[in-house]
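What follows is a single structure, written as structure tokens, with notes after it.
The values are calculated or read from the model by the stated rules, or taken from the named source; none is laboratory data. What you are looking at is a predicted structure, and each value in this text was computed from that prediction instead of being measured. The accessibility values were calculated without ligands, DNA or RNA, using every heavy atom of the protein model including side chains. Shrake-Rupley method; radii C 1.70, N 1.55, O 1.52, S 1.80 Å.
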Amino acid sequence: MHKLTVVIVLIVCFFSCSKAQKTEAIKDKKVLIVYLSRTKNTKAVAEIIQKNVGGDLIELELQNPYPENYKATVDQVAKENETGFLPLLKTKINNIEKYDVVFVGFPTWGMKLPPPMKSFLKQYNLKGKIIIPFNTNAGYGVGSSFDTVKELSPESKVLEGFSVKGGKEKDGILFVIEGDKKVEVEKQIKEWLTRIGLAQ
């Protein structure tokens, strides 16, 4: 019985110590949160993540922004995906090598990763970094977007991503992550960050 007690104590200590080391490790890491947001829902998620883990927050902007008209943007993005076109980024990130953890946030466009985020992942050297995707969508899920993040980051460690339903632009439902919805999303984000070992 005494031996069993010792074994249980050792097991509890192992898991507790491992978790403590994991949490301690993230405090020493420099965090970057890069996001693309059309209707501000992904921006809201990015800001909640920053509130919980700290780090620098940067919005991806294009040299030639997409049209205001939703249908025109859908058509343009479909063509870009077909041809593999990567739009030029206006956003410049200096000293990206100083970051250890890079969150990448984006809406689902056509069930794919938006071309501007592909541009970011191809333009910057993220070798050896921890990459964490997060996503907002119209209720149809992440599509192939998280898989594409992994494909474009072969020398990085890609952790479990976060996804939540945002607005539905084609129906005129735009910014929705506010009020009670924001409170619920923040709760989900905290649970996710704890699950991947990044909660403070």
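If the elastic network links every pair of Cα atoms under 10 Å, which of Gln188, Gln50, Gln63 fluctuates the most in the Gaussian network model of the chain?
Of Gln188, Gln50, Gln63, the Gaussian network model singles out Gln63 as fluctuating most.
How much accessible surface does Tyr124 have with a 1.4 Å probe, in Å² rounded to 10?
Accessible surface of Tyr124 is approximately 30 Å².
Which percentage, to the nearest 5, of the DSSP beta bridges contained in the chain is antiparallel?
So the antiparallel bridges amount to about 10 percent of the total.
Hey, in the GNM for the chain with a 10 angstrom Cα cutoff, which one of Lys127, Lys165, Lys43 fluctuates hardest?
Lys127
Roughly speaking, to the nearest percent, how much of segment 73-200's 1.4 Å accessible area is carbon and sulfur?
Carbon plus sulfur share of accessible area: 49 percent.
How much accessible area does Ser145 have with a 1.4 Å probe, in Å² rounded to the nearest 10?
0
I need to check one value: relative contact order of the chain, counting alpha carbon pairs closer than 8 Å and at least 6 residues apart, in percent.
Here the relative contact order equals 23 percent.
Over the residues of segment 149-197, compute the C-alpha Rg and express it relative to 2.2 N^0.38 Å.
Expressed relative to 2.2 N^0.38 Å, the Cα Rg reads 1.50.
Please work out whether the chain counts as rounded, prolate or oblate from its C-alpha gyration tensor, where a ≥ b ≥ c are the square roots of the eigenvalues and a/c under 1.5 means rounded, while otherwise a/b larger than b/c means prolate and anything else oblate?
prolate
How much length is gained on full extension from Lys170 to Thr91, taking 0.36 nm per residue of separation minus their Cα-Cα distance?
This chain segment gains 25.7 nm when fully extended.
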